[in-house]
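Enquirer: Structure in structure tokens, see below.
The values are calculated or read from the model by the stated rules, or taken from the named source; none is laboratory data. Please read all numbers here as calculations on a predicted model, not as lab measurements. Note: accessible area is taken over every heavy atom of the protein model, side chains too, but ligands, DNA and RNA are not part of it. Shrake-Rupley method; radii C 1.70, N 1.55, O 1.52, S 1.80 Å.
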Amino acid sequence: MASEDVKASESAVEKIVNLAEEAKLARQEIRPTSHAVISICKSLVAGGVAGGVSRTAVAPLERLKILLQVQNSHSIKYNGTISGLKYIWRTEGFKGLFKGNGTNCARIVPNSAVKFFSYEQASKGILYLYQQQTGNDAQLTPLLRLGAGACAGIIAMSATYPMDMVRGRITVQTEKSPYQYRGMVHALSTILREEGPRALYKGWLPSVIGVIPYVGLNFAVYESLKEWLVKTKPLGLVDDSTELGVVTRLACGAVAGTMGQTVAYPLDVVRRRMQMVGWKDAASIITGDGRSKATLEYSGMIDTFRKTVRYEGFSALYKGLVPNSVKVVPSIAIAFVTYEQVKDLLGVEIRISD
């Protein structure tokens, strides 16, 4: 009997200890949950601000790039970066340089927010699975970062693609265009009424394919460069701390942006041309003067590639590359740096409020 009482007492003590441990673990799990919510909000806000600031800074070059991409080769209106910007200024004024920027910002803010947030979450998930296979001390490799970046880009692009399609059409409108979209909402309603809901996703496939090298390389190269600089500290670019300076981060973003846009650019040209298909005023819009009778018909991504190369040559796949190269370097660099600066700022404010 005594031994049974002792066993019963030990069992009761063991249950109490187990309950106490479970309660302790439960309290510990609550804390990171609240921090996770704060981290998510910080990522969303920082990503949105980064996207809006970077795109606004290079809006004139962005518009010129799209005009060059879809321009009819038989009626050249925009010939070169400097002359193209001068032509827009002369024919449409200062506002013409920023046409479509409002719609672009409305698209890019949620796009960037979702993209940066998705990248962080995808990186955490991939790293967790990778550590389960290789060990708790494992770190993300460039290939795994590429996968996380590609996932983030596809999710963000798909979520906001109808806005990008509308932005493309609004951007190529000129003052002499026979029909004007009055804004994003009017353009969306008009496309839905005249072309159907599927039209809002014209060019989606080359966009998805292009996301893999473009966004994936952006994130992978940027993060890998940062990690390499912190570890090796070449040419005294990094001091004893583990944080990079703003100029160094800007350079990392510039290198990442250049590599990504060069690889994916032909797919971007194809996407823009596919977005014009089905628009009854597209031929005249593209020439800029409303006089051309040129047709604009592509049956799909492969057909767009084939006809573009056949009728305009292989170089047509790189139309607008120069202004894009000029804009993408500061745009991507500013986006990355702004994102991290805003996150740091939000982090300071949160710690103070606590």
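Enquirer: Apply the Debye scattering formula to the stretch 122-162, with a single equal point scatterer on each alpha-carbon and no solvent, then give log10 I(q)/I(0) at q = 0.18, 0.19, 0.28, 0.31 Å⁻¹.
Expert: Cα-only, vacuum Debye calculation for the stretch 122-162: -0.52, -0.56, -0.88, -0.99.
Enquirer: Please calculate how many Å² of accessible area the stretch 136-271 carries per residue, with a 1.4 Å probe and no DNA, RNA or ligand atoms counted.
Expert: That works out to 46 Å² for each residue.
Enquirer: Per the Debye formula with a single identical scatterer at each Cα and no solvent contribution, what log10 I(q)/I(0) holds for the stretch 102-209 at q = 0.13, 0.18, 0.22 Å⁻¹?
Expert: Here the Debye-derived log intensity ratios amount to -0.60, -0.88, -1.12.
Enquirer: A follow-up question, please. Along each of its three principal axes, how wide is the spread of alpha-carbon positions in the stretch 144-267, in whole angstrom units, largest first?
Expert: Each principal axis gives a Cα extent; for the stretch 144-267 these are 60, 31, 23 Å.
Enquirer: Ignoring ligands, DNA and RNA, please state the percent of accessible area on the stretch 44-168 from carbon and sulfur, probe 1.4 Å.
Expert: Result for the stretch 44-168: 64 percent of the exposed heavy-atom area is carbon or sulfur.
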